[in-house]
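Some notes on the structure that comes next.
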Amino acid sequence: MMSVVAQNTEGWVLDAGSLIDRGCSRCIRFKDHKQTSVSCHFKKQCFNVYKSYGSVNSSAAANGGNTDVLQKTDKLPKKRKRKNGDRNQGEVDSQAFHLKIRSVILDGTKALVSAAQALGYLNGLTDPTEEPLPSQECNLAALCDMAKELPLAEEQGEHSQPLTKGYGDTSHVDLFSLVTENAKDQGSVVSLMGEEYIIPPNTAFLLSDFTRIRPLVDYGRRFDLIVMDPPWENKSVKRSRRQVKLYSFLPSTQLKRLPIPLLACPNCLVVTWVTNRSSHLRFICDELYPHWGVQVVAQWFWVKVTTSGQFVFPLDSPHKKPYEVLVLGRYRCSPENTRSLETSEVPVEDQRLIVSVPSALHSQKPSLTDVLKPYVGSEPTCLELFARSLLPGWTSWGNEVLKFQHASYFTVTRTDDGDGSTGILSSPEDVGDARL
């Protein structure tokens, strides 16, 4: 099952939930020294974004709708009055960037949405479900803070550990100082730190914060693709006391300390998600990538649409834009290697679009596995930094690396009942208590 629904010269339309399901559709659940076959599917209501935010009146869709009309009919929140009505330099720069790429976003999204709708996708929901979103308080970052008081495990030459032993035993697992591997070709549903998590097949991960990333380097693997979604500092979020507890920040300058040269293969494709602040984009292109020896090769755009193909925000909204930027670069370890590799590498086209219905869960990005395949070879080694979920075949690192793998985000279905029937475990309580 491919996550790419439609594709043309402008980019791709993704079904973000399908790739999650692909990695978890066949799992072994371990409980009470028994193992049972189950199928896990990410809860559909997380991708039921069927109405544009801040707009109950808008009928202008990305598939040809007039965004000028969209802008006029939407009632956007009034901006806080300033003593000085002039825009600051950051706002001026952001508006100039928006005007530069506006036609790329509008025309490309129109073509991609039309292609997807011709295949029966992005045609809206006839009966949108109103089921509540999963709400799991993630304490992983706090656990990482506490783990910093513990010494790093110093096994003789050991830098990784299996996820399970025997009948799914995970009591040996040190999540904070060794890379944990699920080397099986099936996913595993296991108990970690007293909670149930779904771990995709052929996956490796390290749960740690920025100060304890060394075990990932010692793991010894070099990567053909590195994707990162840094926790960019956000003034509007910082002002909210409620939200600041849920979101940790990393100053831009600290990103330079990431050991990319120790993790990247020659010619590695490095992809960074960027918020719509012009200062962040400039920092990546002018400071961060050059500091690592990464050459910028393209800028792509993730365009967020509803299930009926509308922009989730008005395209010209001064408050929030319906797109985010990705900066793609190639790691150039030395001039000699660069010349030899450039002749064989697949060129990365500039200004491609990735169109998808966004997750309603904060900070969950779509997987780039399928769209990046042509640029990284047939069997690439892939790493995600600042990850909040796991991908089959990938290595992942972050202080919330298991966040969206928690069982509460999945519907778990038994597939090997003795009477031939199946049963749905629809809540984390069911997942924990059912005798499979």
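The values are calculated or read from the model by the stated rules, or taken from the named source; none is laboratory data. These numbers were taken from a predicted model, which means no experiment stands behind them. Neighbour counts are summed over all protein chains in view; Cβ atoms, including those assigned to glycine, are modelled from backbone coordinates with ideal geometry. The area values use the complete protein model at the heavy-atom level, side chains included, leaving out ligands, DNA and RNA. Shrake-Rupley method; radii C 1.70, N 1.55, O 1.52, S 1.80 Å.
Some notes on this structure:
- Residue in region 160-173 that is assigned to a strand (DSSP E or B) and open to solvent by less than 10 Å² (accessible area, probe 1.4 Å) present: no
- Residue list for region 374-390, restricted to those being farther than 13 Å from Val271 by Cβ and open to solvent by 20 Å² or more (accessible area, probe 1.4 Å): Pro374, Gly377, Ser378, Glu379, Thr381, Arg388, Ser389
- Note on region 293-322: residues that are over 20 Å from the mean Cα position of the chain (by Cα), outside any loop (DSSP other than H, G, I, E, B) and either touching a residue at least 60 places away in the same chain (Cβ under 8 Å) or surrounded by fewer than 22 Cβ atoms within 10 Å (Cβ to Cβ) (or both) total 3.
- Scope region 179-199; condition out of contact with any Cys (no Cβ under 8 Å at 6 or more places or on another chain) and either in a loop (DSSP other than H, G, I, E, B) or surrounded by fewer than 16 Cβ atoms within 10 Å (Cβ to Cβ) (or both); matching residues: Ala183, Lys184, Asp185, Met193, Gly194
- Within region 183-200, the set of residues being more than 20 Å from Asp32 (Cβ to Cβ) and modelled with pLDDT of 95 or more comprises just one member, Pro200.
- Scan of region 200-235 for residues that are out of contact with any strand residue (DSSP E or B) (no Cβ under 7 Å at 6 or more places or on another chain), outside any loop (DSSP other than H, G, I, E, B) and touching a residue at least 24 places away in the same chain (Cβ under 8 Å), ordered by number: Leu207, Phe210, Thr211, Arg212, Arg214, Val217, Asp218
- Region 202-227 - residue that is touching a Ser or Thr at 6+ places or on another chain (Cβ under 8 Å) and open to solvent by 20 Å² or more (accessible area, probe 1.4 Å) and, of those, farthest from Leu178 (Cα to Cα): Asp224
- Across region 269-292, the qualifying residues are those that are of a type in the set (Ser, Thr, Tyr) and open to solvent by 10 Å² or more (accessible area, probe 1.4 Å), and the one among them that is nearest to Tyr53 (Cα to Cα) is Thr275.
- All strands (runs of 3 or more DSSP E) inside region 361-415 with 1 or more residues being out of contact with any His (no Cβ under 6 Å at 6 or more places or on another chain) and hydroxyl-bearing (Ser, Thr, Tyr): 394-398, 410-414
- Checking Glu233 against (1) open to solvent by less than 30 Å² (accessible area, probe 1.4 Å); (2) at pLDDT below 90; (3) more than 30 Å from Lys34 (Cα to Cα), the condition it does not meet: (1)
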